[in-house]
Every structure is written in structure tokens, then in C-alpha cells.
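To keep things clear, I will list the structure first and then write my remarks on it.
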């Protein structure tokens, strides 16, 4: 069972990294449009929360 959990976590990490890579390739206009379509108060731990965090992180990194 523990091996399955480790494999699932690795796949989740890979998926989150792939989404982050995709977001970094988006132009600012599309990134802002995506941010506006995401819910303002997503449930903690939800896919929407993860996406909002990734989008916010990408937008913040572009401001620096």
C-alpha cells in the first residue's frame, strides 16, 4: 500500500510541475483571464485551489 501512495504522489508532483510549465509558457493576457475564471474561495486541497496557487505564483514571479 505504501508503494502505491508513493507512486501516486510522484504522479501528482509530475502533473503539478507540468501545469506549472504550461502556465509559464502562457502570455500574461491569457494567464490573467484564467485567474479571473477561477473561484475566489476554492475549497482547501481542491484542484481549483492548486490551480489558483500555481497561477498566482506564476503571476508573482513575472512581477519580480
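Take the residues in the stretch 41-57 that are over 18 Å from residue 26 (Cβ atoms) and surrounded by 14 or more Cβ atoms within 10 Å (Cβ to Cβ); name whichever of them is nearest to the chain's Cα centre (by Cα). That would be 49. Scanning the stretch 7-40 for residues that are surrounded by 11 or more Cβ atoms within 10 Å (Cβ to Cβ) and outside any helix (DSSP H, G or I) yields 26, 38, 39. A single member of 39, 44 is touching a helix residue (DSSP H, G or I) at 6+ places or on another chain (Cβ under 7 Å) and over 21 Å from residue 61 (Cβ atoms), and it is 39.
Since every read-out is calculated from the coordinates, none of them should be taken as a lab result. Just so you know, these numbers come straight off a predicted model, no measurement behind them. Using ideal geometry, Cβ is built from the backbone for each residue, glycine included, and neighbour counts are taken over all protein chains shown.
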